[in-house]
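The values are calculated or read from the model by the stated rules, or taken from the named source; none is laboratory data. Just so we're clear, the structure is a prediction, and the values are computed from it rather than from any experiment. A quick note on method: Cβ atoms are made from the backbone with ideal geometry, for glycine too, and the neighbour counts reach across all protein chains shown. Only protein heavy atoms, including side chains, enter the accessible area calculation; ligands, DNA and RNA are left aside. Shrake-Rupley method; radii C 1.70, N 1.55, O 1.52, S 1.80 Å.
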Amino acid sequence: MDSTRVTEQPTSFERPQPGVDPADPRGAFLRSPAPAAGTGAALPAQGRSGGEPPAPGAAAPGGPAPDAADGPASEHSQPGAGPDAEPDDHRPRPAPDGIPVQPADGQGRVDRAPGGAERRTGQVTRPGRPTPMRRDGDRLRFVGAATRRIARGIDLDEIVMGLCRATVPTFSDAILVYLRDPLPVGDERPTGPLVLRLRRTDRIPPERDTEGGGFMPIAPPEQPSELDSVGEELCTVRPGSALAEVLRGVRPVFTDAPAARAALPELLGEEGAAAVPDGQRAVLAPLRGRRRVIGAALFLRRPERIPFEADDLLVAAQLATHSALGIDKAVLYGREAYIADELQRTMLPETLPRCTGVRLASRYLPAAETARVGGDWYDAIPLPGSRVALVVGDVMGHSMTSAAIMGQLRTTAQTLAGLDLPPQEVLHHLDEQAQRLGVDRMATCLYAVYDPVAHRITVANAGHPPPVLLHLGGRAEVLRVPAGAPIGVGGVDFEAVELEAPAGATLLLYTDGLVESRLRDVWTGIEQLREKLAATAQLTGPDHPPPLEALCDEVLDMLGPGDRDDDIALLAARFDGIAPSDVAYWFLEPEDAAPGRARRLARRQLSRWGMDELSDSVELLVSEVVTNAVRYASRPVTLRLLRTDVLRCEVGDDVPQLPRLRQARATDEGGRGLYLVNRLARRWGATRLSTGKVVWFELNHG
């Protein structure tokens, strides 16, 4: 095996200048000295060069030679310059990305083509011009710098912008980029005809167009620096057309070729195609991705600039290949980001429910913009009896796999909450579900149930950071909740504790990403969170709790630059509660007289609350629901009225079967009770309990 070590040597012949990026496409303008005053010399156009500026004392093309007697030599003349001196190696001034400057009018040799037409070759017959090897090296350096710039782009716009900025003005004076509409994703097979949309145009801005009279494919608009109106916005490629054949060929072609000249009207329109100059001053390069052609790029040069050469087709091919592959990857990345966003949107609740006696607010922050979904989740689930379950959890990791596991655990938690199981039982079943999902499927979770009537909260914890309770007076405390083992360990019992939940207090549930980072441990972060909540409460005074949305924003402001190591889920609950005077509760024996007694009790309570206008509707609906309950119940039926912003009526029994709304036939004696409830009530529903079910309905009141 050859052990010779190959080292990469710089090939540029230009001494780098401080503060100038060699990959900057403005490099020629940043590096080139300003022309001497009075010379009238304009900045030469960019491109391949076969000559250089005239040597000091040499005759300018087409002009008389200077006489030594006319005056002393220029202050920039080198010592020893004279007729007998060795000719200087006057190197061409490099353009951006290493392409040497093209000679403008009057600098190249003019040949007579057949028919008397003039043709500029750009070759100056003078000793010291760059050799073909040096010009090829310049092209290689330009291609390397241009492809690096294109590769820096992540999304579609950045890649197309990189192609335009790397090309203009170094390689061409203008560029038009057409892309397929819509762009296929991966192995997706496009349907319908091939349609190209003009994605971007670019040209030399007026402040950089030192040649004057810059090339415009069509008549100059009011803003000469814009090419937005060039060509057609949409182009449908007909099968078998000239444009289809050029795109199928994949390789770049000069537009003076018959096939390309015939394809221009289809791509640019008749007016745009007529404005493209004759000769090799435009290159049409198909953009081919991994599977198929996804667009085309048109490189244009002004009439004042020398035409493209055969080697420029290789440069155009490299630019087109790297751009097309980058666009393919950008489309795939965009699809993955879209899937991540959709997964996050479906895994987390879009909106929080409106529950009686509690107000809710939430926040979710991913670990990074490139990882939009993680394993953190939160949820608020309405329960029978105007209660609400508050859940926050964190699956290990923040990948797509973690998000998928999080979705399964969240769905399981919602199902278990619908069964009205105690918090510790919910965590026990979640632990079993995590073990069924596979090994090392671990998560932490905190499950709390708030009862606005009893002003109590029951909390069970599975290895999650403890919640923080902010009291109405501004005191913040970390609740003493047994930590428990994480979900997925298996064989561990979970313990629930019941705590006071006074009206006006705020409970904050969060994941460890809020309080733990590389710069601090979890308990230090929890203490900082407690202090932040207390300081925020002081701003609104002891009698007014801070607004929930503003409180969540203030909590997130405690994060520093190095604190975003993990996802963050935040759920805040403001306990309003329901006053005992707004609750009425009765037990009814399962007998035929129960509906009549329920009507009398409801009418009497509504009269006490000053809601007599609802008596008729409430009596009718209560009678229907209680009748259905006592028909099958074997234990006492419960009736409860709650007065909040709405009037809520709840009827509970020991029968687990839920009622279903159905259309009664004309000959049926029953089956119309739920139909009346559905028509008269604002909302209604039925929830299964561990001991039976609850049927409830709500009515608006003044």
**Request:** Decide, for segment 338-418, between rounded, prolate and oblate: order the square roots of the alpha carbon gyration tensor eigenvalues as a ≥ b ≥ c, take rounded if a/c falls under 1.5, and otherwise choose prolate if a/b is larger than b/c, else oblate.
**Result:** prolate
**Asked** On the first, second and third principal axes, largest extent first, how far apart are the outermost C-alpha atoms of segment 512-659 in Å?
**Response** 69, 36, 20
**Asked** Between residue 399 and residue 248, what length comes free when the chain is fully extended (0.36 nm per residue of separation minus the Cα-Cα distance, one decimal in nm)?
**Response** 50.3 nm
**Karplus 3J(HN,Hα) series, Hz, for segment 643-657 with 6.51 cos²θ - 1.76 cosθ + 1.60 (x for Gly, Pro)** = 10, 10, 6, 10, 9, 10, 10, 10, 10, x, 9, 9, 9, x, 5
**Prompt:** What figure in square angstrom, to the nearest 10, would you give for the accessible area of residue 339 with a 1.4 Å probe?
**Reply:** 80
**Item:** Net +/- balance of residues flanking residue 325 in space, Cβ distance below 10 Å, scoring K and R +1, D and E -1
**Value:** +2
**Fill in**
Semi-axes in Å, largest first, for segment 395-457 (Cα gyration tensor, √(5λ)) are 25, 12, 10
**Heavy-atom accessible area ranking, 1.4 Å probe, most first, across 377, 684, 696** = 684, 696, 377
**Complete:** Sorted by chain and then number, the residues having a modelled amide H within less than 5 Å of the amide H of residue 287, at least 5 places away or on another chain, are 294, 295, 296, 297
**Overall form of segment 380-530 per C-alpha gyration tensor (a/c, 1.5; a/b vs b/c)** = oblate
**Complete:** One finds, for residue 600 and residue 548 with R0 = 45 angstrom and r their Cβ-Cβ distance, a FRET efficiency to the nearest 0.05 of 0.65
**Item:** residue 658-residue 429 FRET efficiency (beta carbon distance; Förster radius 22 Å; 0.05 resolution)
**Value:** 0.55
**Request:** Rank-order 253-264, 343-354, 139-150, 295-306 by packing density, defined as the average count of other C-beta atoms within 10 Å over each peptide's residues, highest first.
**Result:** 295-306, 139-150, 253-264, 343-354
**Message:** List residues of segment 424-465, by number, whose backbone nitrogen lies under 18 Å from a label position 7 Å along Cα→C-beta of residue 523.
**Reply:** 463-465
**Request:** Could you pull the accessible area for residue 642 with a 1.4 Å probe, rounded to 10 Å²?
**Result:** 0
**Request:** Could you look at segment 566-702 and say what percent of its accessible area is carbon and sulfur, using a 1.4 Å probe and all protein chains?
**Result:** 45
**Message:** At 1.4 Å probe size, put 693, 532, 329 in order of accessible surface, largest to smallest.
**Reply:** 329, 532, 693
**residue 151 versus residue 256: modelled label distance in nm, points set 7 Å from Cα along the beta carbon direction** = 3.5
**Complete:** Most packed first (mean Cβ within 10 Å per residue), the peptides 160-167, 536-543 order as 160-167, 536-543
**Request:** Can you tell me the equivalent ellipsoid semi-axes for segment 444-539? Use √(5λ) from the Cα gyration tensor, largest first, whole Å.
**Result:** 23, 20, 8
**Item:** Solvent exposure, largest accessible area first (probe 1.4 Å, DNA, RNA and ligands not counted), of 510, 364, 585, 632
**Value:** 632, 585, 364, 510
**Prompt:** What accessible surface, in Å², does a 1.4 Å probe find on residue 581, ignoring ligands, DNA and RNA and rounding to the nearest 10?
**Reply:** 80
**Item:** Nearest-0.05 FRET efficiency for residue 271 and residue 411, computed from C-beta distance (R0 60 Å)
**Value:** 0.50
**Surface accessible to a 1.4 Å probe, per residue, for the residues of segment 442-519, Å²** = 36
**Asked** Going 7 Å from the Cα of residue 503 in the Cα-to-Cβ direction, what parts of segment 439-453 have a backbone nitrogen less than 18 Å from that spot?
**Response** 450-453
**Prompt:** Amide H to amide H, which residues 5 or more places from residue 194 or on other chains are under 5 Å from it, using H placed in the peptide plane?
**Reply:** 237
**Peptides ranked, highest mean first, by Cβ atoms within 10 Å: ranges 519-526, 649-656** = 649-656, 519-526
**Asked** Between rounded, prolate and oblate, where does segment 262-330 land on the alpha carbon gyration tensor, with a ≥ b ≥ c its root eigenvalues, rounded for a/c under 1.5, else prolate if a/b exceeds b/c?
**Response** oblate
**Request:** Please work out how much length the chain gains when fully extended from residue 576 to residue 489, using 0.36 nm per residue of separation minus the C-alpha to C-alpha distance, in nm with one decimal.
**Result:** 27.6 nm
